[in-house]
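Have a look at the structure below before the remarks.
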Amino acid sequence: MKIFAVGLNYASHNKEMKRTFESSEPVLFMKPDTALLKDGKPFFLPDFSEDVQYETELVVRVCRLGKNIAEQFAHRYYDQVTVGIDFTARDLQKKQKELGLPWEIAKAFDQSAAVGTFIPREEIGLLQELNFRLDINGETVQQGNSSEMIYSIDRIIAFISRFFTLKIGDLIFTGTPAGVGPVKINDHLQGFIEERKVLDFRVK
Ligand code: MG
């Protein structure tokens with residue numbers, strides 16, 4: 001099982017990160033299967049960072065084997081969606097960026113890919129028009145709408161599959177809108193698609 005993640009896919013987030021960089025293609029990175037955190041299990045704050053931040057993202061699950069998928073057929077390749085957290089050690093990421101080094105230690109560490117309960121596509125509205133949000137300790141801290149993505153899910157699937165064979169069960173984090181921020185011990189994270197709660201876990 002592979003976990004893909006798209007960076008810089010919402011203009012509002014790029015602005016808050018002070019990124020003026022514009023790419024003509026999705027910015028892609030990966031996380032290993034050991035990054036997966038699911039079933040409401042707690043996230044343990046790692047000791048190597050002073051600034052672990054949440055990035056709330058829609059996550060889709062691949063349902064068919066595919067390679068070189070045309071964008072117009074990409075919708076056939078994912079059938080479930082949830083909210084996930086792309087945990088990021090922001091201090092390490094900043095350092096790596098400054099040095100021009102890869103991001104993995106800041107983005108792909110154990111438990112850095114939290115996912116909620118997957119919902120079949122047919123149970124929700126149009127995938128490119130979904131509101132999603134994260135509440136921490138009962139207060140909304142981040143919200144977005146998938147219509148604000150720079151690269152649509154179909155476009156992302158087409159792009160990924162040029163380089164990597166997609167397999168059933170692979171996950172794709174589709175990028176975060178504005179509003180990222182730190183987590184601390186005892187925080188209670190709850191993620192929603194529209195008004196449906198799909199993600200619920202604590203930081204320890
Ligand atoms: Mg992200």
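Assign one of three labels to segment 100-204, namely rounded, prolate or oblate, based on the Cα gyration tensor with a ≥ b ≥ c the square roots of its eigenvalues; rounded applies when a/c is under 1.5, prolate when it is not and a/b is larger than b/c, and oblate otherwise. The partial results should precede the final answer.
Working: a/c = 1.70, a/b = 1.17, b/c = 1.45.
Oblate, because a/c is 1.5 or more while a/b does not exceed b/c.
Using a cut-off of 9 Å between beta-carbons, work out the net charge of the residues near LEU92 (Lys and Arg +1, Asp and Glu -1, LEU92 not included). Net of charged neighbours comes to +2. Each of SER49, LEU126, ASN145 was placed along the dipole of segment 45-146 (beta-carbon charges, centred on the mean Cα), and the one lying farthest toward the positive end is LEU126.
Taking a cut-off of 16 Å between Cα atoms, list the lysines near LYS97, but don't count ones fewer than 8 places away on the same chain. Reachable lysines: LYS18, LYS107. Taking Cα centre as origin and charging only the Cβ of basic (Lys, Arg, +1) and acidic (Asp, Glu, -1) residues, the dipole magnitude of the chain rounds to 480 debye. Taking every alpha-carbon pair under 8 Å whose residues sit at least 6 apart, the chain reaches a relative contact order of 35 percent. Judged by the ratio a/c of the largest to the smallest principal axis of the C-alpha gyration tensor, segment 1-106 counts as oblate, that ratio being 1.5 or greater while a/b is no larger than b/c. Calculated [222 nm] ellipticity per residue, helices only, for the chain: -4000 deg cm²/dmol; basis is -39500 (n - 2.57) per DSSP H run with n ≥ 4, divided by all residues, nearest 500. Put a plus charge on the Cβ of each Lys and Arg, a minus charge on the Cβ of each Asp and Glu, and nothing anywhere else: the dipole of segment 87-204 about its Cα centre is then about 460 debye.
Within the set LYS38/LYS204; LYS2/LYS38; LYS15/LYS197, which residue pairs have Cα atoms separated by over 18 Å?
Details: LYS38/LYS204 15 Å; LYS2/LYS38 15 Å; LYS15/LYS197 28 Å.
Over 18 Å Cα-Cα: LYS15/LYS197.
Rule-based calculations on the coordinates, nothing more; no lab input. As the structure is a prediction and not an experimental result, all values here were calculated from the model. So basically every Cβ, Gly included, is an ideal-geometry build from the backbone, and we count neighbours across all protein chains shown.
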